[in-house]
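Down below is the structure, laid out as C-alpha cells.
The values are calculated or read from the model by the stated rules, or taken from the named source; none is laboratory data. Bear in mind the structure is a predicted one, so any value in this text is a computation, not a measurement. Neighbour counts are summed over all protein chains in view; Cβ atoms, including those assigned to glycine, are modelled from backbone coordinates with ideal geometry.
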C-alpha cells in the first residue's frame, strides 16, 4: 500500500496528466481501504481518509461523491479482481478438479494480499443501500455460484465426492477460503502467503477429492 | 430467542422474585444480541434495545452500566459456553481424533444455534477497550489454543496428518468452524443444523485424518 507522495496543495486535477491523476486516485483508494478496514464503515470518516492521503477533505470529493460511494467502489474493485481470477483460470483448460483447486489457490493468494479489502467486503458490504446493496449481494452470490459450478462439474466427472450435496461441499470450501485471510493474524510462527495457500489447497483437496 | 412477556411498566425490580429478575435479564440480553448483530456495535443504540424489550431506556441500566458493558457481557457469555463444551467433551474420555471431531460437532451446533452471538464475537469484539479487550482477545486465543492442543495430540497418536505444521491444520479447521454459522444464510435448499454440522465434521475428518 504505497502512499502517494506528490504535494497535495493544488486542486487543479483537471490539468494533471492522466498518469498522475491515476496515481492519486490509487492513493485515495488505498487510504480509504486502510481506514475502513481498521475502523469499520460506521466509524470511518472522510476526514481521516483525507488526513492519510495528505489532502484537504473537500478535494476528496473529486474522487468520490459520498462515503457510501467509496465503499461501493472498494467492493466493486474486489469483485472485478475476483472475476478476473475466475476467467484467467478457466482459460487454462484444466480438468474439473484441477480448475477448482487452481482457482482456490489464486483466490487464497488474492485474499492474503488484499486482507483489508476482503475485510471490508465481508464486514461492511451490508452498509450499502438500495440498488448498490443488491448489486454487491449479487457479487457475493457470483463467487459462491462459480465455486458451486466447479464443484458440480468435478462431482459429475467423479473427481469430487458426491455423498454430500454440492451446496454443502461448496459452503465448506467457501467458509475456508473466506477465512484464509485471517490465518496470518495469529501469534506464533510466520508463514508465507504461498505456504498458507498451498496448505489450504492441500487440505481442501483431501476433504473433497475422491482419489 | 423468546421475548419476556411480563409487563414492562414497573421499575420495582428489587421486589421481584429472583426468577422473574432472571427472566428479565435474559430478555434484555436476548434483545441486545439481536440489535447488535443486526446493526453492528457502532450503530447500536441502548434506546433500540429498550424498545425491543418494551421498557424505558433508563431502566436498562439496572442490567448493564454502558453499551460497552453490554458488549462485554455478550462476548463473555459466548466464551463461557464454549469452554463448557470443551470440558464436557474432554470428560467423555474419547480418543484424540474422536475428541477433536466431537468438539467440532458440538461447537458447530452451538454456532448454528447462536448465530447472532457469534456474529458479535467475530465482528464487534474489537470495540472493547483496555483490560476488557485484552480479556476478550485472550478468549479468542483460548479457542484456537484448545483446537491446536487437540490437533497436536491426534498428530502424536498418528491419527491426524503430520505433513503440515499443526498451526496450519488448526487455522484451517478454525476457519471452517468460524464460518459454519453462515452456511444457512444462503439461498436455496434448507439444511438442518444437524445436517450442516455432520457435513462439516465429515469433510474436516477427510481433510485431516490419516485413515
Being at pLDDT 85 or above, surrounded by 15 or more Cβ atoms within 10 Å (Cβ to Cβ) and not in a helix (DSSP H, G or I) narrows A:89, A:55, A:75, A:35 down to just A:55
Within the group B:147, B:133, which residue is in the same structural domain as residue B:171 (by TED's automatic domain parsing), surrounded by 19 or more Cβ atoms within 10 Å (Cβ to Cβ) and more than 29 Å from residue B:21 (Cβ to Cβ)? B:147
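Which helices (runs of 4 or more DSSP H) does segment A:115-211 wholly contain that include 2 or more residues that are within 7 Å of chain B (Cβ to nearest Cβ)?
The helices (runs of 4 or more DSSP H) meeting that bar are A:166-179, A:193-208.
Residue check: is residue A:135 out of contact with any helix residue (DSSP H, G or I) (no Cβ under 7 Å at 6 or more places or on another chain) and more than 26 Å from residue B:164 (Cβ to Cβ)? It would help to see each step written out before you state the result.
Working: out of contact with any helix residue (DSSP H, G or I) (no Cβ under 7 Å at 6 or more places or on another chain): yes; more than 26 Å from residue B:164 (Cβ to Cβ): yes.
Judged against the criteria, residue A:135 is a match.
For the subset of segment B:42-52 comprising residues that are at pLDDT 90 or above and surrounded by 15 or more Cβ atoms within 10 Å (Cβ to Cβ), which member is nearest to the other protein chains (Cβ to nearest Cβ)?
Keep residues of segment B:42-52 that are at pLDDT 90 or above, which gives B:44-52.
Next cut, surrounded by 15 or more Cβ atoms within 10 Å (Cβ to Cβ) only: B:44, B:46, B:48-50, B:52.
Details: B:44: 10, B:46: 16, B:48: 14, B:49: 17, B:50: 20, B:52: 20 Å.
Applying the filter and picking the extreme gives B:44.
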